[in-house]
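The values are calculated or read from the model by the stated rules, or taken from the named source; none is laboratory data. Here the structure is a predicted model, which means the values were calculated and not measured. Every residue, glycine as well, gets a Cβ built from its backbone with ideal geometry; the counts of neighbours run over all protein chains shown. When the accessible area is computed, the model is the full protein with side chains, heavy atoms only, and any ligands, DNA or RNA have been set aside. Shrake-Rupley method; radii C 1.70, N 1.55, O 1.52, S 1.80 Å.
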Amino acid sequence: MSLLKMSFSGAVLILVIAIIRGLLLHKLPKRTFLILWGVVLCRLLLPFSIPSQFSIYGAADILKSRAYDTNLPLNGTPVTYSGTAAVNTVSALSEKGEIRIPYFLILWLAGLLACALFFLITHLRCRREYKTALPVDNEFVKHWQLEHQIRRSVQIRQSDKIAAPLTYGIFRPIVLLPKKTDWADETQLRYILIHEFTHIRYFDTLLKLLMAAALCLHWFNPFVWLMYVMANRDIELSCDETVVKTVGEAMKSVYALILIGLEEKKSCHTPFVNNFSKNAMEERITSIMKMKKTSLGGILLACGLVLGITVIFTTGSLAKNADTTKNSVFMAGTLDGKNYTYSDNGGASWMTEAEYKEKNPDVAEKLEFWKIDEFEKWMEQEKEVYQKLVNDGRQKFYDSESNQWRSWTQQDVDDLYAIWQKQLERMKQGYQYTKEIELPNGAVMAGSFEPETGTAVSSTSSDSLSNQTDQELLAQYRSYGISFDKKGKMYYKKELVRYFWDGTDLGDSTAAVRYEYLNKEGTVDVHTTRMSTDNGDGSIDPFGKLTGIEKYSQDEFNKRNLADLERTSEAVTSTSGNSSGGETFAQKFARYKEYGIEYRELDGSSSGNVYYKGQLVKTFVDKEQDGGVFTFQSAGGGEMVVHTVYDKNGKLIGVEKQ
């Protein structure tokens, strides 16, 4: 939970307590409000919340989802798909760049430091004055302390630097009395000592310290300042209530007169001490005079308020299921024969077409494919729709990555359009995409078919998945122990993965890669095992059925050169040639031809060399903005490293030397 979320939820809670305090201050036990302020401190200082179905924020999420529903048409919205064995996605590599500290963070740190220094300097200055205090040599005080001992060692001292009694210290508290105290007035001394020992017994000094810490963290929040003022008042009111209960209601008038007589003329601000203060004295006197024996109804009301406010205002909404593949429908099979198989649990199990039709009648028959010109027209229309949302600024959507509702931005529209452009490019290469079908359960089904083989890879999700590749990989690998967390980090049987390889060696220092992953923080390296498939034409598809995922040996783990992987200096090629039904190297490099790139295949070999403006290239790198990486190392060696250049919309605009 971010600091702003903590501050906002704390402000809501403070406002609620302030209203209740104004209505029920003289009807509830005063310690009720100290407990509630303690709940506020937990909300302001602890960066997490316990999910609950009774949370007000869960209800707010439901209302916002209804209020901000944009009612955009689902039919015809494309599902992005990167294609099998077409690109190599390395999600854990981060680019080095300049570290910039946001201005608001600098401002917040400046405010925090200013508040902390104010409290610290003020406290140290006052403590320096308190050190000159001398022990109290009074028989009544000594006798009273012997009769009211507590576990902690308490000293009672006197000082000529103060005008009213106070207490400071947490583990070794000290009660400080004015040197001009009327030592002969035993009634006054008794009331003062009861009051100060009540502060000590309930650790009120520690409570004030925590309030000061919350104020430093949330100095920008006016409600936290309000809490600081009211909570300090309630500390004194609670002590007054304890004193009156101890000496009897008949003596409350006497105690009130003592308070008036002990008003302090402060010489300094004392943030971490408890004392008789003239601040809000009128409120204290009124509270004392209205004080009555607490009824059973008042106690029950206080308990109900504390429990209800804590559950409703400090808990969070129930988290949504982060594994969206569990709510997804996947389809696989052939295009012409329509021999589909289906999974409605993210690929964990599959059913025949007949079984799926029995559960979802007529769904498969509704498949309709996009035409290129139709899709181009749709792209422009949708871009106008989303652009209006940006210009309007009022329509909002739930951003699952940041876990909050926010308005559409121009960057959102540009990112969407870049995804559609990439899909359009694939359609021109032979991929076919189905239009979406809305299912009875509210989910949306759509799919894509690879060129030549017609392998169907379809996905449906009620969460409108924006990253199709990640979801497909989860569906393929999850049954063998692979999972991803919310930050995109991969795990194998709960161990953080450092290096993942789903590929095959093609010989001649090249390899075909279906998926490759690198995270230097990981603790285990793993790879897939697949069963090769005979294509029936004399060729073998190395990317056959996935049969398992295994760990590399510890020796291989220790020897693996991560620096080489990061520089993509190994001969890793994210294309499986003709063997997998994807693009050949010649087809892949054709898109770079206008920028000076030429691919020449070696005779009798599945590999070749890449040239840039006639010069042999050692390594070619195409790192797309969506995270996909295509790398190729020439079989003939070379020394030049070249890479692609994209504009902000994800469009390829050139190739240049590293």
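Annotations for the structure displayed:
- On the stretch given as the range 18-53, residues that are surrounded by fewer than 17 Cβ atoms within 10 Å (Cβ to Cβ) and modelled with pLDDT under 85 total 4.
- Cβ-Cβ contacts under 6 Å between residues 6 or more apart (or on different chains), taken from a first residue in the range 147-172 that is under 21 Å from residue 183 (Cβ atoms) and open to solvent by less than 50 Å² (accessible area, probe 1.4 Å) to a second residue that is assigned to a strand (DSSP E or B) and among the β-branched types (Val, Ile, Thr), are listed as 156/175; 167/175.
- In the range 488-500, the residues that are assigned by the TED database to the domain that holds residue 560 reach residues that are modelled with pLDDT under 85 and of a type in the set (Phe, Trp, Tyr) with C-beta atoms within less than 8 angstrom, at least six apart or across chains, in these pairs: 490/484; 490/517; 491/484; 497/517; 499/517; 500/515; 500/517.
- Residues located in the range 458-501, provided they are in a helix (DSSP H, G or I) and modelled with pLDDT of 80 or more: 480
- Which listed residue, of 566, 639, 556, 570, is open to solvent by 40 Å² or more (accessible area, probe 1.4 Å), of a type in the set (Asp, Glu), at pLDDT 80 or above and within 26 Å of residue 524 (Cα to Cα): 556
- Looking only at residues of the range 177-210 that are hydrophobic (A, V, I, L, M, F, W, C) and touching a residue at least 60 places away in the same chain (Cβ under 8 Å), we find that the one that is least open to solvent (accessible area, probe 1.4 Å) is 192.
- Filter result for residue 124 (open to solvent by 90 Å² or more (accessible area, probe 1.4 Å) and part of a helix (DSSP H, G or I)): yes
- Strands (runs of 3 or more DSSP E) (entirely within the range 139-208) containing at least 2 residues that are among the aliphatic types (A, V, I, L, M): 174-178
- Verdict on residue 143 being within 30 Å of residue 189 (Cα to Cα), open to solvent by 60 Å² or more (accessible area, probe 1.4 Å) and at pLDDT 85 or above: yes
- Counting only residues that are farther than 12 Å from residue 646 by Cβ and modelled with pLDDT under 75, the range 600-626 holds 6 of them.
- Any hit, the range 295-311, residues being open to solvent by 20 Å² or more (accessible area, probe 1.4 Å), modelled with pLDDT under 80 and in a loop (DSSP other than H, G, I, E, B): no
- The range 387-411, residues that are modelled with pLDDT under 85 and assigned to a helix (DSSP H, G or I): 389, 392
- Some residue of the range 54-63 being modelled with pLDDT of 80 or more, surrounded by fewer than 13 Cβ atoms within 10 Å (Cβ to Cβ) and of a type outside the set (Phe, Trp, Tyr): no
- Scanning the range 127-138 for residues that are in a helix (DSSP H, G or I) and touching a residue at least 12 places away in the same chain (Cβ under 8 Å) returns 127, 129, 130.
- Within the range 237-265, residues that are at pLDDT 85 or above reach partners that are of a type in the set (Phe, Trp, Tyr) and open to solvent by 80 Å² or more (accessible area, probe 1.4 Å) with beta carbons closer than 9 Å, at six or more positions or on different chains, in the pairs 238/202; 239/202; 242/202.
- Hits in the range 502-548 - residues which are crowded, with 20+ Cβ neighbours inside 10 Å, part of a strand (DSSP E or B) and at pLDDT 85 or above: 525, 526, 528
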